[in-house]
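The values are calculated or read from the model by the stated rules, or taken from the named source; none is laboratory data. Treat the numbers as computed from the prediction; the structure is a model and nothing was measured. All Cβ positions, even for glycine, are placed from backbone atoms using ideal geometry, and neighbour counts span all protein chains on display. Accessible surface is based on the protein model in full, side chains and every heavy atom, while ligands, DNA and RNA are left aside. Shrake-Rupley method; radii C 1.70, N 1.55, O 1.52, S 1.80 Å.
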Amino acid sequence: MTTRHHVSDDLLVAYESGSLAEGWSLAVATHLALCPHCRRRARQAAAIGGAMFEEIESVAVEGSSLDAVLARIAIPETSREPDTAAPDQTVIPGPLRHYVGGDVSRIPWRRLGMSARHLPIKTADKETSVRLLCIRAGEPVPRHGHRGAELTVVLTGALVDRSEVFRRGDVEEADETVEHQPAAGPGEDCICLAVTDAPLRFKSLVARLVQPFLRI
């Protein structure tokens, strides 16, 4: 199954509740920084969650427990940005710049095959694998399936997946039922943020041989 161009309701609700692993939260925050439509949806999800929380009967808890809960459900500022905010002129949105140390010119890319480069991104969670990908214009990535979930956010250029075209800010969710071979659109390299929670299932023998070293 795929959900295209916007994050799903389930992801938004989990993001606003603070229950997502760090890698997934980073992908959602990056998308929200670029998508006014989903920022409005996120505010609605937060409002609904707040209303439900107010209906829960209060119980006494230790101060340390309360601090832990509040820290977990804190709503990132990205979801509260006004839709009229000035657009970010940098390629890498604010939530992601903190992880990569700046904009595109500062990224220490590593070679990933003949047509792509990548930058693995460290997170504190043990659930996700996070990386920036730069795919050469007009070139595909190796055909692959999924053993789990994948969330891809396009930052520059276009990502073409079968009949769908994803541009800056668009997001694609994929699960274990999906086998595909996305490619960068013509004319401009495609930079995207990719988050997975399980190794990919590559069709190419070469890709499978190098997979353990690349941790994809």
What ³J(HN,Hα) values, in whole Hz, does the Karplus curve 6.51 cos²θ - 1.76 cosθ + 1.60 give for segment 128-145 when θ = phi - 60°, with x put for Gly and Pro?
-> 10, 10, 10, 7, 8, 10, 10, 9, 4, 3, x, 9, x, 8, x, 4, 7, x
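Largest first, how would His98, His6 line up by accessible area (1.4 Å probe)? Working shown, then result.
Details: His98 155, His6 65 Å².
The residues order as His98, His6, largest area first.
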Show the residues, 5+ positions off or on another chain, whose built amide H is closer than 5 Å to the amide H of Asp125.
-> Glu22, Gly23
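Given a Förster distance of 45 angstrom, what is the FRET efficiency for Glu139 paired with Asp10, based on the Cβ-Cβ distance and rounded to 0.05? Mind dumping the intermediate values first?
Numbers: r = 33 Å, r/R0 = 0.72.
Once the sixth-power term is evaluated, E becomes 0.85.
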Cα gyration tensor category, rounded, prolate or oblate, for segment 98-164 with a/c compared to 1.5 = oblate
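If r is the Cβ-Cβ distance from Met114 to Arg167 and R0 is 22 Å, what FRET efficiency results, to the nearest 0.05? Show your work: numbers first, answer last.
Working: r = 24 Å, r/R0 = 1.11.
That gives a FRET efficiency of 0.35.
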For segment 184-201, what does the Karplus curve 6.51 cos²θ - 1.76 cosθ + 1.60, with θ = phi - 60°, yield as ³J(HN,Hα) per residue in whole Hz, taken in order and with x for Gly and Pro?
-> 6, x, x, x, 7, 4, 9, 9, 9, 9, 10, 10, 9, 10, 7, x, 6, 10
Could you check how much of the accessible area of segment 138-205 is carbon and sulfur, as a whole percent, using a 1.4 Å probe?
-> 50
